[in-house]
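The values are calculated or read from the model by the stated rules, or taken from the named source; none is laboratory data. Here the structure is a predicted model, which is why all the values come from computation and not from measurement. Cβ coordinates were reconstructed from backbone atoms using ideal geometry, including for glycine residues, and neighbour counts include every protein chain displayed. Just the protein is used for accessible areas: all its heavy atoms, side chains included, with ligands, DNA and RNA removed. Shrake-Rupley method; radii C 1.70, N 1.55, O 1.52, S 1.80 Å.
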Amino acid sequence: MTVSAHAPGTAQPPLCNTGVHPPTHSTPYGYDRSQFDWYRATVPASVELLTKAIAGIAGKYPQIVDGKGRFNYLRSRTIMSGGDRVATILHGGANGNPNVEASGERAAALADLLRAGGPHRVTRCDVAVDLWGDGLYSQLHTLADKIAGEHRIGLREVTDRDPSKGNTTYLGSRKSTVFARIYEKG
């Protein structure tokens, strides 16, 4: 996907600094949306301030669920709305500042909230681009195979005996700098 920078001589930042919403369709297939699918960041703010801010994007009656931590954090706080997880805050322990994460539809809202709130250090972000069209998975798999061969990157395809369950192609690995996953939903 190509996203062009601002016009020469303007004071506007490049479009890539405003999120992951390209200005025009990038393929003949079009897309439904391009957005964060996972956003995790370390934030120099108190757990209470983060909880209040996230509760503001959760809806009318957010629920707060405290629990055990992970990734060397001692505790977690999950903000829920209508039974769905909005975001989780990891806090306490040697890490210092809290770490907050959201996935799926809530990731874009969390990214917008944190970007508007000031400095934070992104520790993970995934972008999802939904495309549709006949033969698209096969074309994308062929492209991924070409990229893997040219750049000596691993390529793996996972299929199921039941075609209604779809296919997945993995380019690279989760431990590499860049990792792509191509789904064909059943």
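Here is how the numbers come out for the structure above:
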{"item": "Accessible surface, the range 49-186, averaged per residue in Å² (probe 1.4 Å)", "result": "65"}
{"item": "Rough spin-label spacing in nm, given labels placed 7 Å along Cα→Cβ, for T177 and I64", "result": "4.1"}
{"item": "Accessible area of the range 90-141 belonging to carbon and sulfur atoms, whole % at 1.4 Å probe", "result": "51"}
{"item": "Restricting the range 65-171 to chymotrypsin sites (Phe, Trp or Tyr not before Pro) in coil, as DSSP defines it, with at most 14 other Cβ within 10 Å", "result": "F71, W132"}
